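Below you'll find the structure, written out as structure tokens, and then a few comments.
Coordinate-derived values only; no laboratory data. Remember, predicted model here, so these are calculated numbers, not experimental data. Positions of Cβ are generated from backbone atoms using ideal geometry, with glycine treated the same way; all protein chains shown enter the neighbour counts.
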Amino acid sequence: MSSAVDAAEAEQPAGSGSAVRERQGPDRIGRAVYRFLRSIPVWVLWLMVIIWSVPTGSLFLNSFRHRDDQRASGWWTSFTEGNWTLENYTDVLSSGAQTGGLWQALLNSFAIAIPATIIPIAIAALAAYAFAWIPFRGREWIFIGTVSLLALPNQVALLPLLQMFSGGAHWSIPGTEIVVTLIPDFSLAGTATAVWLTHTAFALPFAIFLLHNYISTLPGELFEAARIDGADHFTIFWRIVVPLSVPALAAFAIFQFLWTWNDYLIALTMLGAAGENYPATIKIASMAGEFGLREHLLSAGAFVQAGVPMLVFFFLQRFFVRGLLAGSVKS
Amino acid sequence: MTALWGAFAGVVIAVGASAAVFWVTHRLFGLVERRWAVVTATSGVLAGGAAGAVASGLRSGADSTPLLAGSQLVWIVGGAAVFGLAGAAVGLLRPPSAKRTSAMQSRLRALTFVGPAMLFVALGLIIPLLRTIYLSLFDKAGTGFRGLANYGDIFTNAQSLDLSGWAGIFGSQLFWGSVILFAFALAIALARGRRRGVAADFSASTVGIGIGGGLLLSFAVFANLRGTVMNNLWWVVAVTFLSTALGLLAAVIADRTKRESFAKSLIFLPMAISFVGAGIIWRFMYIARPPQKSQTGLLNAIWVWFGTLRPSTGGAWIAVAVLATATAMLTALCAFGVRRRQSALAIGSATAAIPLLWLIYRFIGPGVGGSILGPNGEPIAGTILFVQESPFNNVWLMVVLIWIQTGFAMVILSAAIKAVPSDLIEAARVDGADERQVFFGVTLPTIVPTITVVMTAMIVLVMKVFDIVRVMTNGNFGTQVIANEMWQRSFTEFNLGLGSALAVVLFLGVVPVMGLNIRRMQRGE
């Protein structure tokens with residue numbers, strides 16, 4: 001694609017909705033066709049909206065249907081039969097052999113997602129400020145190196161991390177019998193702490209990238225003035241940078257909260273068999289895997305798990321979108 | 001409730017500890033000029049403690065000794081005391097020059113800010129990455145060296161790479177469809193080129209047709225060359241292209257529609273749902289029940305309902321009437337295009353009429369949709385086993401991720417479209433360009449960098465697809481992908497070598513993307 005004008009010239013005026021052609025003569029059929037063609041894209045969009053909403057809507061409606069109804073017929077039949085119930089929700093939340101026990105799992109999800117959101121923000125904001133405003137040797141390369149890690153697949157670190165959490169890190173000096181303990185065994189495997197520590201490490205490259213993008217655009221004169229007044233970096237960071245960066249911090253917080261709330265892989269790996277610590281994603285995935293007694297609770301369970309992110313999404317969509325947009329679109 | 005208290009305590013302890021460490025070090029380095037001795041003494045204590053720990057480890061020589069057991073503690077405290085005193089002595093004897101302290105101070109300041117993040121990145125990402133690469137050269141238990149044998153196992157195993165079906169590519173309809181599309185794009189390009197006096201002129205629309213052909217070709221290839229590795233590539237190609245294309249489509253149309261934000265929210269909503277949840281949602285869509293029973297999955301219900309539209313039941317004639325009307329409209333459009341010499345309209349409507357004519361033939365003849373004729377001529381439901389029928393069950397699984405990711409592409413591309421400078425668009429309009437020309441000539445070239453960003457982000461995400469496959473098939477029915485294979489090998493079989501090698505293969509897959517990102521950042525700064 002060369003320049004814009006070039007390309008515009010290259011296109012023959014063969015477009016279906018050519019205004020130039022319209023001028024050549026009023027033609028009733030032509031106009032009707034033209035108007036019809038113009039309206040097609042809008043219909044395509046609304047068709048897309050329907051197709052994109054139907055799966056979630058199906059799940060939602062199914063979650064209010066009795067077990068036998070769910071097994072025998074599709075949700076669309078309930079519009080005429082009208083046999084709705086809230087039983088699935090009460091069953092899936094309460095704990096028991098035949099029920100879901102999702103309430104505890106939701107608390108576990110919070111126990112993972114809240115620290116995994118707050119801690120990376122605190123650490124990344126400090127680093128982002130330093131990368132943007134404290135000159136030091138090798139700054140650019142350390143920054144680029146760190147941020148490039150955001151493409152790193154989680155899988156490459158899971159196995160060593162699990163080993164570290166479950167047994168510490170030891171180095172046996174080659175050629176000798178000597179083993180040096182580099183990191184002691186804190187027996188973290190199976191705990192929520194292992195999960196959010198892992199989340200923190202994986203979140204940092206993106207968090208630093210996003211916050212750096214924002215913090216580096218703050219006006220430098222402000223910091224100069226503060227420095228002349230005798231403020232050190234810490235004061236500047238705490239009194240000026242943090243209050244001014246609230247939009248970026250919020251954007252990242254929401255993004256990270258949704259990400260950790262919806263995570264399955266890291267929790268599954270780090271928690272292993274510690275079922276009492278499972279977050280909601282693992283709970284509903286295991287309900288989906290058993291094809292048995294509790295299958296009628298699955299739609300309610302999936303909806304409960306999705307409820308929190310959906311609420312966040314509906315009320316804080318602007319921040320979430322801002323987090324997604326950071327770095328990809330130059331405004 | 002204990003979980004929440006745990007979370008609360010975790011936050012308090014972690015934030016408190018890092019704040020305390022940060023504050024103490026920061027204050028300490030702030031006092032470098034005045035209290036040099038404090039700094040040297042503290043570093044002496046730290047170095048001594050570490051040296052003592054190492055020394056005690058050297059002495060005991062066993063990892064069975066718990067850390068901070070009696071004798072070890074003596075070593076650490078002793079080392080810390082000796083080194084601390086030495087450090088204090090050094091600091092009291094010789095304060096460094098003001099210039100050196102200020103240089104050191106600024107470096108240390110930066111370190112206090114960057115340090116915690118670097119610690120996490122090093123311990124949580126870089127060292128594990130290196131260890132995974134190291135482990136991938138070893139056997140199941142992680143002790144016997146195997147060289148590259150694990151990688152050899154991955155790429156010579158028919159489960160992960162099976163190229164024996166290559167001849168089937170040339171027999172598939174997808175392949176011939178792609179040939180037709182390529183020929184079509186080439187013909188248009190040659191015709192346009194002759195008009196402009198060059199060999200071939202590839203406009204945006206011909207490139208678009210070409211990309212469509214490439215996608216069909218990739219489907220033909222991936223449906224015949226099977227295995228875990230090929231499945232993963234199929235995911236990457238199909239999800240990346242289709243999500244981006246659908247997201248672009250939605251963004252472009254929504255940009256000119258009333259109630260734009262409402263439409264966009266609904267397409268974007270799946271982004272908030274977990275992959276696990278999405279897998280469950282789509283499992284309900286894909287349910288197939290025995291033919292005698294009524295279908296509970298929406299897609300099969302529609303499919304079976306279509307099958308009941310047959311000439312014998314009369315339903316087919318309604319369908320044929322609808323289709324015939326649409327065909328007539330398209331024919332009229334085609335004639336209109338020919339009369340007005342609008343070749344794109346004529347070709348487009350003629351092309352669109354072909355599948356309709358084919359559908360009419362199917363409705364009158366063998367029937368459309370999921371039904372077969374029973375012994376008495378009555379239709380019996382024939383369902384599609386979306387999840388079980390290989391190889392296209394892979395595509396039905398990809399639909400789940402496309403459903404999620406389209407919103408992501410749409411939101412970012414929509415913002416990019418709105419960021420196109422309006423004076424550029426105005427200038428093109430003044431020059432007489434219509435909407436189509438403005439889009440292909442101005443908007444699209446301007447947002448190409450953003451499209452690249454979206455696609456690279458998606459490649460990274462799709463490469464490691466795990467949750468959806470695990471929840472929906474767990475890799476059965478020929479849908480295995482590398483990430484799920486890696487998980488099963490590593491965490492159910494505890495085959496450290498093979499699991500690590502699979503992880504490294506995933507890593508190698510994103511290395512080009514990382515390189516691209518690094519180059520982009522270098523250029524940006």
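Highest-first packing order for the peptide set B:271-281, A:294-304, A:240-250, A:57-67 is B:271-281, A:294-304, A:57-67, A:240-250, based on the mean count of other beta carbon atoms within 10 Å. The mean sequence separation of alpha-carbon pairs under 8 Å and at least six residues apart, normalised by the residue count of the range A:230-331, gives a relative contact order of 38 percent.
Here's how it looks for A:Leu182: its modeled amide H is under 5 Å from those of A:Ala169, A:His170, A:Trp171, which are all 5 or more places away or on a different chain.
Taking amide H positions as modeled 1.01 Å from N, with prolines and chain starts lacking one, no residue 5 or more places away or on another chain lies under 5 Å from A:Tyr278. Ordering B:Pro128, B:Trp234, B:Ser265 by Cα displacement along the dipole of the protein assembly as shown toward the positive end leaves B:Ser265 in first place; charges were set at the Cβ atoms of Lys, Arg (+1) and Asp, Glu (-1).
Per residue of A:117-130, count partner chain C-beta atoms within 10 Å of its C-beta, then hand back the mean as an integer. Display every interim value, and only then the final one.
Working: counts 1, 6, 7, 2, 1, 8, 13, 3, 2, 8, 9, 3, 2, 8.
Mean number of neighbouring Cβ atoms from other chains: 5.
Hydrodynamic radius of chain B by the Kirkwood approach over all distinct alpha-carbon pairs: 29.5 Å.
Computed from the C-beta positions of B:Thr156 and B:Ala200 and an R0 of 30 Å, the FRET efficiency is 0.10 to the nearest 0.05.
Residue order for A:Tyr89, B:Tyr134, fewest other beta carbons within 10 angstrom first, comes to B:Tyr134, A:Tyr89. Taking label positions 7 Å along the Cα-Cβ direction at both A:Glu140 and B:Val82, the computed distance is 4.5 nm, reported to one decimal. Summarised in one figure, the compactness ratio Rg/Rh of chain A, Cα atoms and Kirkwood Rh, is 1.11.
With each run of n ≥ 4 DSSP H residues scored as -39500 (n - 2.57), what mean residue ellipticity at 222 nm is computed for the protein assembly as shown after dividing by its residue count and rounding to the nearest 500 deg cm²/dmol?
Working: 38 runs with 585 residues, N = 856.
Computed ellipticity for the protein assembly as shown at 222 nm equals -22500 deg cm²/dmol.
Taken one residue at a time, the phi angles of the range B:280-289 give Karplus couplings (6.51, -1.76, 1.60, θ = phi - 60°) of 5, 4, 6, 4, 5, 5, 8, 3, 10, 10 Hz. Gly and Pro are set to x. Counting only whole DSSP H helices of chain A, the ones at least 15 Å long by C-alpha along their axis and with mean Kyte-Doolittle hydropathy no lower than -0.5 are A:28-62, A:102-133, A:155-167, A:192-215, A:246-261, A:280-290, A:298-315.
Between B:Trp358 and A:Ile50, what is the FRET efficiency for a Förster distance of 30 Å, r being their Cβ-Cβ separation, to the nearest 0.05?
Numbers: r = 25 Å, r/R0 = 0.83.
For R0 = 30 Å, the calculated efficiency reads 0.75.
Diffusion of the range B:402-525 by Stokes-Einstein, at 10 °C in a medium of 1.306 mPa s and with Rh set to the Kirkwood radius over alpha-carbon pairs, works out to 90 µm²/s. Relative to the longest principal axis of the Cα atoms of chain B, helix B:173-196 runs at roughly 80 degrees.
Summarise the partner chain shielding of B:409-416 as one whole number: the mean count of Cβ atoms from other chains within 10 Å of each residue's Cβ. All intermediate terms of the calculation are to be shown ahead of the outcome.
Numbers: counts 0, 1, 7, 5, 2, 3, 7, 5.
Partner-chain Cβ atoms within 10 Å, mean over residues of B:409-416: 4.
Which Cα, out of B:Gly165, A:Trp196, A:Phe255, lies furthest along the positive dipole direction of the protein assembly as shown (beta carbon charges, K/R +1, D/E -1)? In the protein assembly as shown, that residue is A:Phe255. Using a Gaussian network model of chain A with C-alpha springs under 10 Å, which one of A:Ala226, A:Ala128, A:Ala251 is most mobile by mean-square fluctuation? Maximum fluctuation in the GNM of chain A, among the listed residues, is at A:Ala226. Between rounded, prolate and oblate, where does the protein assembly as shown land on the alpha carbon gyration tensor, with a ≥ b ≥ c its root eigenvalues, rounded for a/c under 1.5, else prolate if a/b exceeds b/c? Here the protein assembly as shown falls in the prolate category. Which shape class, rounded, prolate or oblate, goes with the range B:155-268 when its Cα gyration tensor gives a ≥ b ≥ c as root eigenvalues, a/c under 1.5 marks rounded, and past that a/b bigger than b/c marks prolate? Judged from the Cα gyration tensor, the range B:155-268 comes out oblate (a/c at least 1.5, b/c at or above a/b).
If you build the convex hull over the alpha carbons only and average its shadow over all orientations, what do you get for the range A:258-326? Give it in nm² to one decimal.
Values: hull surface 22.7 nm².
Averaged projected area of the range A:258-326's Cα convex hull equals 5.7 nm².
As a rough guide to protection, the peptides A:71-80, A:152-161 ranked by mean Cβ packing within 10 Å, highest first, stand as A:152-161, A:71-80. Residues whose amide H lies under 5 Å from that of B:Ser160, counting only those 5 or more places away or on a different chain, are B:Thr228; hydrogens are built 1.01 Å from N in the peptide plane.
Tell me whether the range B:166-225 comes out rounded, prolate or oblate; compute the Cα gyration tensor, take square roots of the eigenvalues as a ≥ b ≥ c, and use a/c under 1.5 as the rounded threshold. Could the numbers behind the result be given before it?
Numbers: a/c = 4.03, a/b = 2.81, b/c = 1.43.
Because a/c hits 1.5 or more and a/b exceeds b/c, the range B:166-225 counts as prolate.
A dipole drawn for the range B:422-525 from +1 and -1 charges on Cβ atoms has a positive end, and of B:Ile425, B:Ala501, B:Met458 the residue lying farthest that way is B:Ala501. Remark: relative contact order (chain A) = 24 percent; criterion is Cα-Cα distance under 8 angstrom and separation of 6 or more residues. A simple packing score, the average count of other Cβ atoms within 10 Å per residue, orders the peptides B:222-232, B:43-53, B:255-265 as B:222-232, B:43-53, B:255-265, with the highest score first. Normalised by the number of residues in chain B, the average gap of Cα pairs under 8 Å and 6 or more apart makes the relative contact order 16 percent.
Note on A:192-205: average number of Cβ atoms from other chains within 10 Å of each residue's Cβ is 4. In degrees between 0 and 90, to the nearest 10, how far off the longest principal axis of chain B does helix B:343-364 point, with axes built from Cα atoms? For B:343-364 against chain B, the angle is about 80 degrees. Compute the helix-to-body angle for B:36-60: its Cα long axis versus the longest principal axis of chain B, expressed 0 to 90° and rounded to tens. Once rounded, one gets 80 degrees.
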